[in-house]
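Structure record follows, encoded as structure tokens.
The values are calculated or read from the model by the stated rules, or taken from the named source; none is laboratory data. Computed from a predicted model, the values in this text were never measured in an experiment. In this analysis, Cβ positions are derived from the backbone assuming ideal geometry, glycine residues included, and neighbour counts consider all displayed protein chains. Surface accessibility is based on the protein's heavy atoms, side chains included, excluding ligands, DNA and RNA. Shrake-Rupley method; radii C 1.70, N 1.55, O 1.52, S 1.80 Å.
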Amino acid sequence: MTYDCIIIGGGPAGLFAGLRAAEKGFKVAVVERNNILGKKLRITGKGRCNITNNCDFDTLISNIPGNPKFLFSSLRNFSNIDIIDFFNSIGLETVVERGGRVFPKSQKAGDVAGSLVSAVKKNNNITLYMGSRVEKLLFDTNEQQQNSVQGIVAVDTDGNEFRLFSTKIICATGGLSYPLTGSTGDGYIFAKAAGHSIITPRASLAALLSKDLYVKELQGLSLRNISIKLFINDKPVYEDFGEMLFTANGVSGPVILSASAFYKSGCKAYISIDLKPALDADKLYQRLQRDFDDFDRKMYSNSLDKLLPKKLIPVFVKRSGIPSNKQVNQLSREERMKIVSLLKNFTVNISDIDCVNNAIVTAGGVNVKEINPKTMESKLCKGLFFAGEVIDADGYTGGFNLTIAFSTGYTAGNSI
Ligand SMILES: Cc1cc2nc3c(=O)[nH]c(=O)nc-3n(C[C@H](O)[C@H](O)[C@H](O)COP(=O)(O)OP(=O)(O)OC[C@H]3O[C@@H](n4cnc5c(N)ncnc54)[C@H](O)[C@@H]3O)c2cc1C
């Protein structure tokens, strides 16, 4: 079969590319290895899907640490506001939450995917090849000394090989994160075959790992209403307020995922947790005095119930260096100050970031120097386009990664 355009990958980038190309009247084939479209999209935002962010353009760009300049044209071409308008136009109501984060009103990621998929299915110009994994690209190497694409070779679920032909191919295969959703890095292989270089894929928005022995003891402990600071080489690089979680080998949860985008491998790193951010040190000291007055005949280790979650108390007591069996009314001012200081600055040393497979997003990917930012077409191989996470571009939490996928997908589809 011959099409005007073949799209590899039925995720947010591929579906936006397909819809735009089809809207322009082109006959499009979307080839997706899974039996459902948008498998990852359905688990985004903890099942709620943070579609985009309704911030202004400058804020949008400042939330994209991975190659923001490359995305300028694309985001101007199809912006965060266009994304909101698009979803509203296909019947998906949206709401704006803290920090401009846009979610479906139903709070269901499945509704975002569902509305997108029904728009795709309604379009007669789009043919879907489901359960079909693209194995390689077909090239024509003779045309004017320049490589150009001719088609793809794919294998269906029964193991049957088939070929589709087109001189326009959009590679929207995603990165390496959450490989069970289908993104296993195939796009990098296709890009390399077309002569592209790949910036080594690495984790962004991932858990941070720690070798501190007490971390294991805290596994499963979730802390709410805390603030954290991430220090790299003793300099604070990120600060946030919210929720975090201790895991078997480190820390995770919303504030940690956001902080991880600022982590630099190989550098000395630690996070400082302020367990009582609403109180400054003086007020916290007074609060401690009041608690200790109530408990004055108790042992120190039995006097922290009002201040800390149960699981944290033994670790906290050990780290304070104050004998656990000391009676509260025997604690010196210096010891009380030590407790306040630990409450305000509970540190966790960071040894690494979690692996890319467990990350929310893959940083790295197809080198942006080799892609035309206005069209998403390869500068090295005629007719080959890239869209979404396969490209070396990534954003912070807040809906910025889907924004990149939708916007580059639209631009690629618009450019064929
Ligand atoms: C748990 C989680 C939560 C997230 N939450 C948010 C959020 O709330 N907001 C946000 O902005 N971002 C979020 N993200 C990031 C966002 O989901 C991704 O950046 C986005 O899905 C990338 O879109 P994409 O289309 O480029 O790639 P993908 O969504 O990965 O889609 C790629 C598609 O290509 C298919 N494919 C791959 N190889 C082949 C092949 N050889 N042949 C055929 N098909 C192939 C895959 O099966 C897949 O369907 C989250 C990510 C995760 C993992």
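Figures for the structure shown
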read-out: Residue among Gln289, Gln219 that alone is within 25 Å of Val328 (Cα to Cα), polar (S, T, N, Q) and assigned by TED's automatic domain parsing to the domain that holds Leu307; value: Gln289
read-out: Residue count for the stretch 17-62, restricted to those that are within 8 Å of the ligand (Cβ to nearest atom) and either in a helix (DSSP H, G or I) or over 28 Å from Arg101 (Cα atoms) (or both); value: 9
read-out: Wholly enclosed strands (runs of 3 or more DSSP E) of the stretch 176-291 bearing at least 3 residues within 18 Å of the chain's Cα centre (by Cα) and more than 16 Å from the ligand (Cβ to nearest atom); value: 235-247
read-out: Answer residue from the stretch 87-132, given it is away from the ligand (no atom under 12 Å from the Cβ), under 25 Å from the mean Cα position of the chain (by Cα) and without any contact (Cβ under 8 Å) to a residue 12 or more places away in the chain and is surrounded by the most Cβ atoms within 10 Å (Cβ to Cβ) among those; value: Gly114
read-out: Checklist (1) free of Cβ contacts under 8 Å to residues at least 24 places away in the same chain; (2) within 12 Å of the ligand (Cβ to nearest atom) applied to Asp394, failing item; value: (1)
read-out: Pairs with Cβ under 8 Å, 6+ apart, first in the stretch 72-84 and free of Cβ contacts under 8 Å to residues at least 60 places away in the same chain, second outside any helix (DSSP H, G or I) and open to solvent by 50 Å² or more (accessible area, probe 1.4 Å); value: Ile81/Asn54; Ile84/Asn54
read-out: Number of the exception - Gly409 against (1) over 26 Å from Gly100 (Cβ atoms); (2) within 13 Å of the ligand (Cβ to nearest atom); (3) of a type outside the set (Val, Ile, Thr); value: (1)
read-out: In the stretch 353-374, the residues that are open to solvent by 10 Å² or more (accessible area, probe 1.4 Å) and under 16 Å from Gly253 (Cα atoms); value: Ile353, Asp354, Cys355, Asn358, Ile360
read-out: From the options Glu377, Glu389, Glu334, residue that is outside the structural domain of Tyr410 (by TED's automatic domain parsing) and either open to solvent by 20 Å² or more (accessible area, probe 1.4 Å) or acidic (Asp, Glu) (or both); value: Glu334
read-out: Residue list for the stretch 147-172, filter: open to solvent by less than 20 Å² (accessible area, probe 1.4 Å) and farther than 22 Å from Gly185 by Cβ; value: Ser148, Ser166
read-out: Residue in the stretch 173-182 that is surrounded by 20 or more Cβ atoms within 10 Å (Cβ to Cβ), at pLDDT below 95, polar (S, T, N, Q) and more than 15 Å from Asn34 (Cβ to Cβ) present; value: no
